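To start, the structure under review is shown below, and the notes come after it.
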Amino acid sequence: MADIPEVRFRAATAQDAATAVPLIHSSGPAAFDYVFAVPGRSSALAFLHRAFVDGAGEFGWRNHVVGELEGVVVAVGAGFGGEAALAFTLAAARQILAHYGLRHAPGVIARGLRVERVIPPPSRGMHYLAHLGVSPALRGQGMGRALIDELIRRGVQSGRSRMVLDVAASNPRAQALYARQGFEVTGERASMLANAQGTVPDHRRMERVVG
């Protein structure tokens, strides 16, 4: 696997939206589309773009790190603890209401809550890695490994040692990457969630204790 010494990780900014948001969406397109795609109103990408630029919450730029190669964003990821849950919930409710309006927001929120039964938010003491996306042309070249290492490093700096992520059971390649990074499967949740926009696969929770 090739080393990529040129990659530079930094905190995301709102100006990264055009390149970062499609990578965030690529980390779980079926689940994102199931929740956020509303025909005639909005695509999941459009909502994620709005939330990213807004800055607050799970999908905001303040919660993300990007990797640059020759000045171009080629990787993105988020890392956060369970103590952020209330703030994230409030931010998401505000963003969804503003984006979808009173007619469609309740359905989006309800679908989001159903997905949380398959991909539960982290509890206190966890450092949760999410929205891990790498440019397609660079997959398999060490960028994903470098991104995970960076997010773990930041988690350790924040005082956490229990690293947690979820992976779709339909994505064995990603699971193999996480296993090589020392993560082990600790549970699996079945999913029956599907609509015309997306089918949410079963998900496996993986954990690694650092130190």
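Annotations
- One residue from I152, I119, I109 being at negative phi, more than 16 Å from the chain's Cα centre (by Cα) and either crowded, with 16+ Cβ neighbours inside 10 Å or of a type in the set (F, W, Y) (or both): I109
- Sole residue being under 18 Å from the mean Cα position of the chain (by Cα) and at pLDDT 95 or above, chosen from L129, L86, L97: L129
- Applying the condition of being polar (S, T, N, Q) and part of a loop (DSSP other than H, G, I, E, B) to the stretch 153-211 and asking which residue is nearest to G133 (Cα to Cα) yields N171.
- Subset of the stretch 14-47 [over 20 Å from P136 (Cα atoms), open to solvent by less than 50 Å² (accessible area, probe 1.4 Å) and either of a type outside the set (V, I, T) or not in a helix (DSSP H, G or I) (or both)]: A14, Y34, F36, A37, V38, S42, A46, F47
- Options R10, R50: the member that is over 13 Å from the mean Cα position of the chain (by Cα), open to solvent by 60 Å² or more (accessible area, probe 1.4 Å) and modelled with pLDDT of 95 or more: R50
- All positions within the stretch 138-163 that are free of Cβ contacts under 8 Å to residues at least 12 places away in the same chain and farther than 24 Å from V200 by Cβ: R153, Q157, G159
- Residue within the stretch 83-90 that is buried (at least 20 other Cβ atoms within 10 Å of the Cβ) and in contact (Cβ under 8 Å) with a residue 12 or more places away in the chain present: no
- A176 falls short of the stated requirement of being over 20 Å from A78 (Cβ atoms), open to solvent by 50 Å² or more (accessible area, probe 1.4 Å) and out of contact with any Lys or Arg (no Cβ under 6 Å at 6 or more places or on another chain).
- Tally of residues being open to solvent by less than 30 Å² (accessible area, probe 1.4 Å), among the hydrophobic types (A, V, I, L, M, F, W, C) and over 15 Å from T13 (Cβ atoms) across the stretch 53-74: 1
The values are calculated or read from the model by the stated rules, or taken from the named source; none is laboratory data. Predicted model only: the values in this text are computed from it and were never measured. Backbone-built Cβ (ideal geometry, glycine too); neighbour counts: all protein chains shown. Accessible surface areas use protein heavy atoms only, side chains included; no ligands, DNA or RNA. Shrake-Rupley method; radii C 1.70, N 1.55, O 1.52, S 1.80 Å.
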